[in-house]
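Structure first, then comments.
The values are calculated or read from the model by the stated rules, or taken from the named source; none is laboratory data. On a predicted model such as this, the values are computed, not experimentally measured, just so you know. Cβ: placed from backbone, ideal geometry, glycine included. Neighbour counts: every protein chain shown. Protein only, heavy atoms only, side chains kept; ligands, DNA and RNA dropped before computing areas. Shrake-Rupley method; radii C 1.70, N 1.55, O 1.52, S 1.80 Å.
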Amino acid sequence: MWALPRLPSLFQSRKGEVDLTLCHSERNVGSQRQLQPGSIGLRCLRVLAVTTFLTQICPLRSARADNGYDAWLRYAPLTETERAKYGSFPAAVIVLNNSALLHTAEAEFIRGVRGMLGRTLRVEKGVPQESSVILGTSAELHSIGSHLRSPKNLSADGYWLAKDRIRRHDCIIIAGSTDRGTLYGVFALLRKIAFAEDLSHLQEMQEPANPVRWVNDWDNLDGRIERGYGGRSIFFADGSVRPDLSRVSDYGRLLASVGINGCVVNNVNADPRLLAPNFLPQLARVADAFRPWGVRLGISVDLSSPKSLGGLDTFDPLDPRVRSWWKEKAIEIDHLIPDFAGFLVKADSEGRAGPSSYGRTPADAANTVARALQPYGGMVMYRAFVYDHHLDWRNPKNDRARAAYDIFHPLDGKFEDNVIIQIKHGPIDFQVREPASPLLGGLEKTSGAIELQITQEYMGQQRHLCFLVPMWKETLDFDMRVGNHPTPVKNIVSGRVFHRALGGFAGVANVGLDANWLGNPMAMANLYGFARLAWDPNLSSAAIAYEWTRLTLGNNPEVDRTVDAMLLSSWPTYENYTGPLGAGTLTDILGSHYGPGVESSERNGWGQWHRADHDGIGMDRTVATGTGYVGQYSPEVQKEFETLAATPDSLLLFFHHVSYTYRLKSGKTVIQHIYDSHYEGAERVHEFVRMWESIRNFVGDDERYESVLARLKYQEGRAIVWRDAVCNWFLRVSGIPDAKSRVGQYPNRTEAESMQLQGYEPVDVEPSETASGGKAVVCRAPASNCAASFHFSGAPGTYQLNVQYFDQNNGKAKFRISLNGRQLDEWVADDTLPNAKLGGDTSTRRQIRGVTLHQGDEIRIEGIPDGGELAALDYLEIEPVSK
Ligand code: GCV
């Protein structure tokens, strides 16, 4: 009988024994709860099967299933030792005004304290009559004590946390410059409690570095999300705003907890219907759901709306009728959404309508819309992602990377004050490594924001662990050397360098209806990290990883150490097995942007070229001999990239075309680096699995533990798919063998097409490097049940069996593997990978650990196709288990 793989139950470990995790985590609860003879812990062990007993008598941290919904806002109970630090914590909370935001702040504070300290605070009014927590704006503090003053005037959204005596009572003050600042202060204090920090000398002031801290969600009105990997839209379904917006409100809470103050809710490839008179009231409901959390609503607009929706015969931004149309629209919106944040615009890009249709500039378009919003405080975020995707690839001087600077730099100073140019962090498109976009240093009289992508479009689509904060930090710290002065990108976008009132961060989040928002609990570290950097770009990657891990997985030092190490090395690891040396993510750029597809970048107009051929690889972007892109940077930065000698290895192929035998600063040749880095990357993912398994007993939640483990094991197999596809492609094209004799040589593999086949037939896979030996076997009608078998001829011993198969998304094929007729494993290929074809997107690995084999044993793999999915097999690898 076929059965879906089941997660072990809460009370059963993988070995089928009683799971000690539950009582192990009891040690977290406090020293008096060590497993002593006769202790509650041991008594628990005896009756583990009784759920009610466990939940009622043993209030264990880990007994609470965690599906990731609460993300970093779990407010999990502190241990007794940790709680002891809060013995004198106030029992009352006083709120100094009646605004909706402060009600939110009050309720959140009570919720957090109840969760972590197990106490329910009383709500009081007026001056404190006992030790209390005071919530209000700094201006309101005077009403309860004239001496209460924050150390300096706080800027917008800033807050002050302090311990002070008011009327002889010890009080904790949470005072914002505004109500929103107070709410941020509440979340900050709750974080401190979650970290079990000592509050006896509390004195801290925080101000956001950036006025604009927005997320963008690329949701379509039908509920699909462009480049979203966490389920369908929380905002829209079937062409309307969803009736139930409770998820939106919870999203607002998550965003507010880390200081995000705006959210654009629809795809930048915008649907004009959003601006229709009958749609705007629906959007007002979304704004209502966000408002208690201080998150302002923004929307993406299609610049052709005056024509496509408004019935005009033009959308020329300089036409007076078009200007009036936008003005009327702004009035309509303001009427319904008085705190409307503004419009996000993608125009003249990837087929979107734009001002170029009328020979107008982006400044003409942005200003028309911005003037309409000006009276109501709205902004226009105009994206610099404007480029021609029909570039002639034969012309070596053509270069998509030049586009943003070439188009926007000449317009500097021509934009209204409420226009912000939203600039992707690199000049191409969220590749695994790019230099900072030169446009970030190229606008001195125009406000700018950096666009970062939280959703992992090119970074493994949430199926791979890839913590992006270290990558973002490289861009934020990139010194543009404007005017020969230190001008890191972070200080340009904040407005500090060029004294701009506006500026900041926009992050493409794309959360969805999946319980854990992004489809993988670990991916939430990127949403958290984005927001923390938007607040303070000087925070280190390690500090952010540490915060996130503790808030999400608890204060266990072993967990922190292990998870932080995994997070912090995950981006370089991903880079190693996907696209090293600045070549870009070597993925299928014409399709899913997911699996390997080295050649897909070439010979088309999209301009994501790496120019790899028989002789060498890389884009020559120098001024001397290349596209001239390097000339878009300041003279000092040009010196870093114009010559081969100065360019760092990590970006070599972004700036230069070199032969495969070119020697890097590391001493390796380019080709050997490509081979080695892919092997190192895949090996590191293997370690990630072991690292996660090592903290199993401390993570303390089976559901979350298992879901992360499943993802990591999947990634382990995928890193090998990437490694083999990329290395084999370069071996074939360069003709240079791997000095370590690994590429193209797989002694432990048996190709499916060379096994004894019953019903299965061999097929070619395209591109050929995405299947071992370029071939697979498929089970096609009239066969409805196929098998591939062979006899083991290696040395007797214990092995891991790796079955490489294809998990197409157009069916749920079933597989079973047996040894001498005894079933070892069975599974259903029911993943929803982004392809229905055999190839780099769908190649997947199933591991069966600890199998004892003897010479002559028969190994048989059976497959039952389903729908369009043909139970395709690539190979079986019999891997000796290292001692
Ligand atoms: C919303 C890339 C993505 C597109 C995205 C575009 C953009 O090209 O693949 O899905 O479109 O960037 O940022 O506008």
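If eta is 1.306 mPa s and T is 10 °C, what Stokes-Einstein diffusion coefficient results for the range 756-880, Kirkwood Rh from Cα pairs, in µm²/s? Roughly 109 µm²/s, to the nearest whole number. A crude spin-label estimate for the pair Asp857 and Arg149, with each label 7 Å from Cα along the Cβ direction, gives 8.0 nm.
Its Cα centre serving as origin, the range 546-636 has a Cβ charge dipole (Lys and Arg +1, Asp and Glu -1) of approximately 120 debye.
Between the amide H of Gly700 and any residue lying 5 or more places away or on another chain, no distance stays under 5 Å, with hydrogens modeled in the peptide plane. How many percent of DSSP beta bridges within the chain run antiparallel, rounded to 5? Of the beta bridges lying entirely in the chain, close to 60 percent run antiparallel.
With all projection directions averaged, the alpha carbon convex hull of the range 251-323 covers 5.6 nm².
Using θ = phi - 60° and the Karplus form 6.51 cos²θ - 1.76 cosθ + 1.60, what ³J(HN,Hα) does each residue of the range 788-800 get, whole Hz, x for Gly and Pro? Each residue of the range 788-800 in turn: 10, 9, 6, 10, 5, 10, x, 6, x, x, 9, 9, 9 Hz.
Near the amide H of Ala237, within less than 5 Å, lie the amide hydrogens of Arg242, all on another chain or at least 5 residues away, with H placed in the peptide plane. Were the residues from Val881 through Ser240 laid out at 0.36 nm apart, the gain over their Cα-Cα distance would be 225.3 nm. Model label sites at Glu130 and His791, defined 7 Å from Cα along the beta-carbon direction, differ in position by 8.4 nm.
Accessible area per residue was computed with a 1.4 Å probe on protein heavy atoms; Arg822 scores about 140 Å². Between Gln745 and Gln800, the C-beta separation translates, for a Förster distance of 22 Å, into a calculated FRET efficiency of about 0.70. Farthest toward the positive end of the dipole of the chain, out of Phe806, Thr587, Ser132, is the Cα of Ser132, where the dipole comes from beta carbon charges about the Cα centre. Here the chain is treated with +1 on each Lys and Arg Cβ and -1 on each Asp and Glu Cβ, and its dipole about the Cα centre works out to around 2020 debye.
Given Lys152/Lys490; Lys668/Lys837; Lys329/Lys424; Lys397/Lys424; Lys152/Lys424; Lys775/Lys814, which pairs have Cα atoms separated by over 25 Å? The answer is Lys668/Lys837; Lys329/Lys424; Lys152/Lys424. Both radii come from the Cα set of the range 346-430: Rg as radius of gyration, Rh as Kirkwood radius; their ratio Rg/Rh reads 1.00.
The listed peptides 409-416, 373-380, ordered by packing as a protection proxy, come out as 373-380, 409-416 (highest mean of other Cβ atoms within 10 Å first). Report note on the peptides 355-366, 753-764: ranked by the mean count of other C-beta atoms within 10 Å, highest first, their order is 355-366, 753-764.
In whole angstrom, the chain maps to an equivalent ellipsoid with semi-axes of 45, 39, 25, each derived as √(5λ) from the alpha carbon gyration tensor and ordered largest first. The calculated FRET efficiency for Arg165 paired with Asp536, based on their beta-carbon distance and R0 = 30 Å, is about 0.50. When a/c reaches 1.5 or more, the comparison of a/b and b/c decides; with that in mind, is the range 341-498 rounded, prolate or oblate per its Cα gyration tensor? Rounded shape, in that the Cα axes give a/c under 1.5. The Cα center of the range 595-612 and the Cα center of the range 403-440 differ in position by 23 Å. Once the mean of 1/r is taken over each pair of separate Cα atoms and inverted, the range 469-541 shows a Kirkwood hydrodynamic radius of 13.6 Å. Fully extending the segment from Asp313 to Ser356, taken as 0.36 nm per residue of separation minus the present Cα-Cα distance, adds 13.9 nm. The modelled label-to-label distance for the pair His499/Glu693, using points 7 Å beyond Cα in the direction of Cβ, is 6.1 nm.
Report summary: the helix-based calculation at 222 nm, which adds -39500 (n - 2.57) for every DSSP H run with n ≥ 4 and divides by the residues of the chain, gives -9000 deg cm²/dmol.
Averaging Cα coordinates gives a centre for the range 241-271 and one for the range 651-692; these two points are 39 Å apart. If only the Cβ of Lys and Arg carry +1 and only the Cβ of Asp and Glu carry -1, the dipole of the range 462-542 around its Cα centre is close to 160 debye. Using a 1.4 angstrom probe on heavy atoms only, work out the carbon and sulfur share of the accessible area of the chain in %. The value for the chain is 51 percent carbon and sulfur by accessible area. Potential lengthening of the chain between Ala565 and Arg663 amounts to 32.2 nm, from the contour at 0.36 nm per residue minus the alpha-carbon distance. Computing FRET efficiency as 1/(1 + (r/R0)^6) for Asp649 and His614, where r is the C-beta to C-beta distance and R0 is 22 Å, gives about 0.45. Which stretch or stretches of the range 167-184 have amide N atoms under 16 Å from the point lying 7 Å from His142's Cα along the Cα→Cβ direction? Taking a point 7 Å out along Cα→Cβ of His142, the residues of the range 167-184 whose backbone N falls under 16 Å are 176-178. Note on the chain: dipole from Cβ charges, positive end direction compared against Phe530, Pro596, Ser257; the farthest Cα belongs to Ser257.
Packing-based ranking of 455-462, 615-622, 327-334, 724-731 yields 455-462, 724-731, 615-622, 327-334, ordered from highest to lowest mean Cβ neighbour count within 10 Å.
Per residue, the chain exposes 37 Å² of solvent-accessible protein surface, assessed with a 1.4 angstrom probe and all protein chains in place.
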